[in-house]
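Asker: There's a structure below that I have some questions on.
Values quoted throughout were computed directly from the atomic coordinates according to the rules given, and no laboratory measurement underlies them. Keep in mind that this is a model prediction, so the values were computed, not measured. Cβ: placed from backbone, ideal geometry, glycine included. Neighbour counts: every protein chain shown.
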Amino acid sequence: MSSIARLRALAAPPPTQEAAERCDLCGEEIPPVHRHLVDVRNGELLCACQGCRLLMDRPGAGGGHYRVVGERRRRLADFTLDDDAWGSFDIPVEIAFFVRSTAVGHVIARYASPMGAVESALDLSAWEALERDNPVLAELEPDVEALLVDRARGAREYWLVPIDDCYRLVAVLRSTWRGLAGGPEVWDAIARFFDDLEER
């Protein structure tokens, strides 16, 4: 290598590497698969190292602002939600999730879009009717668990899942959506998401 080539090599910036994920509380490097916390004041999802997760899993830790997202996933086989009841929610798509928010004091509805998670105005009387028909919804842990509804393409699946699963679905849709209608790739990716949910 010539002297000039050697100098150029030394002056060149190092090859870029994908930045490691870090705990949003302490900054420690964390593996790609890790647990999450929810800031109950604003619903923000935070990545957590093992130490911070254990610390925040105690009552009152972090001033009560953080809750650890659990790992419970349960298909609700006997769930009751007919087409009229679904229509009363006035949600413009057929995959949505519902979470009981401490910050606002009631359940909120969101759905995945190519732009991210979109909040939908929710008729609370329709939600109360759904709760009466499905007492299992009383088990929904505020802020950290969601009712995930999949009625797309004839599906009728209802899940109780950790809230981070719902945002994983949002990421799947955002990263695979093509054109105006999404394209076949997005539906394949959504099908894989629900297959994975079944396995987990």
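Asker: By its C-alpha gyration tensor, with a ≥ b ≥ c as the square roots of the eigenvalues, how is the chain shaped: rounded for a/c under 1.5, else prolate for a/b larger than b/c, else oblate?
Answerer: Cα axes put the chain in the oblate bin.
Asker: Can you give the calculated 222 nm mean residue ellipticity of the chain, where each DSSP H run of n ≥ 4 adds -39,500 (n - 2.57) and the sum is split over every residue, rounded to the nearest 500 deg cm²/dmol?
Answerer: Numbers: 6 runs with 62 residues, N = 200.
Calculated from helices alone, the mean residue ellipticity at 222 nm is -9000 deg cm²/dmol.
Asker: Stretched out fully, how many nm does the piece from Asp133 to Arg178 gain, at 0.36 nm a residue minus the Cα gap?
Answerer: Contour length minus the Cα-Cα distance gives 12.4 nm.
Asker: Taking the Cα centre of the chain as origin, sum charge times position over the Cβ atoms of Lys and Arg (+1) and Asp and Glu (-1), and report the length of that vector in debye to the nearest 20. Don't jump to the answer; show the numbers that get you there.
Answerer: Details: 23 positive and 34 negative charges, 199 e Å.
With Lys and Arg at +1 and Asp and Glu at -1, about 960 debye.
Asker: While we're on this one: Hey, with R₀ at 35 Å, roughly what FRET efficiency would Ala191 and Gln50 work out to, going by the Cβ-Cβ distance, to 0.05?
Answerer: With R0 = 35 Å, the Cβ-Cβ based efficiency is 0.60.
Asker: To the nearest 0.05, what FRET efficiency results for Arg41 and Ala152 with a Förster distance of 35 Å applied to their C-beta separation? Don't jump to the answer; show the numbers that get you there.
Answerer: On the way: r = 32 Å, r/R0 = 0.92.
Approximately 0.60, to the nearest 0.05.
Asker: Applying the Karplus parametrisation 6.51 cos²θ - 1.76 cosθ + 1.60 with θ = phi - 60° to the phi angles of region 84-95, what ³J(HN,Hα) value in whole Hz is obtained for each residue in order, glycine and proline being reported as x?
Answerer: So the J values, rounded to whole Hz, are 5, 5, 4, x, 5, 7, 6, 9, x, 10, 10, 10.
Asker: Under the 0.36 nm per residue contour assumption, what length would be gained going from the current alpha-carbon distance of His34 and Arg73 to full extension? Mind showing how you got there, number by number?
Answerer: Details: separation 39, 0.36 × 39 = 14.04 nm, distance 1.63 nm.
So the chain would gain 12.4 nm between His34 and Arg73.
Asker: Still on this structure, I have one more. By how many degrees, between 0 and 90 and to the nearest 10, does the Cα long axis of helix 183-199 differ from the longest principal axis of the chain?
Answerer: The angle comes out at about 80 degrees.
Asker: Taking the Cα-to-Cβ direction at Asp82 and at Cys26 and moving 7 Å from each Cα, how far apart do the two end points lie in nm?
Answerer: Here the answer is 5.4 nm between the modelled labels.
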